[in-house]
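The values are calculated or read from the model by the stated rules, or taken from the named source; none is laboratory data. Here the structure is a predicted model, which means the values were calculated and not measured. For neighbour counting, all protein chains shown are included, and Cβ atoms are generated from backbone atoms with ideal geometry for every residue, glycine included. Calculation scope for accessible area: heavy atoms of the full protein, side chains included, ligands and nucleic acids excluded. Shrake-Rupley method; radii C 1.70, N 1.55, O 1.52, S 1.80 Å.
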Amino acid sequence: VHSLSIYWIFPLMVYLYVVSLVGIIGGKTVGVSNKANVYGVKVLNAQGQGSDMEVIHGLNFVYEWHKKHNLPTAVSMSLGGVCATVEQCEDDLIVKLVEKLSKAGISVIVAAGNSDCDACLQTPAFAPSAITVWHDEYSL
């Protein structure tokens, strides 16, 4: 990839984790794409708390930037919320916005939920077009 814009939507508390990933992906001398532009979009406070509207504003910012510049764009979100039912997830504004970004050509990578429960009832992990990533802390 010669030029890629990557937006990290993250709580402040994971800043060092995000910085290490940014170096792997967009390091100027080594990395997957040394010509990548990486931007942080802070939507949660230091305790990892915030509102859906703050996340929605962050995603809308990325969407508008992508429309204006028409460059390859990716979003990575390490956050999640719980839906009580599948219907509630289908109606979730963040899930709908993830689908909108995906249809616009933006790759959206999300955490499976960050709360040790079924990702199928998590937002934004529920979004069909999202690339949902899970990890555990167990080693082999």
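List of remarks:
The rows are residues; the columns are (1) under 20 Å from residue 60 (Cβ atoms); (2) open to solvent by less than 10 Å² (accessible area, probe 1.4 Å); (3) out of contact with any Lys or Arg (no Cβ under 8 Å at 6 or more places or on another chain).
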site	(1), (2), (3)
80	yes, no, yes
83	no, yes, yes
87	no, no, yes
93	yes, no, yes
96	yes, no, yes
102	yes, no, yes
105	yes, no, yes
124	yes, yes, yes
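- Number of residues in region 102-130 that are hydrophobic (A, V, I, L, M, F, W, C) and modelled with pLDDT under 90 equals 8.
- Out of 62, 30, 55, 110, sole residue that is surrounded by 15 or more Cβ atoms within 10 Å (Cβ to Cβ) and free of Cβ contacts under 8 Å to residues at least 40 places away in the same chain: 110
- Meets criteria (farther than 19 Å from residue 42 by Cβ, of a type outside the set (Gly, Ala, Ser) and touching a strand residue (DSSP E or B) at 6+ places or on another chain (Cβ under 9 Å)) for residue 101: no
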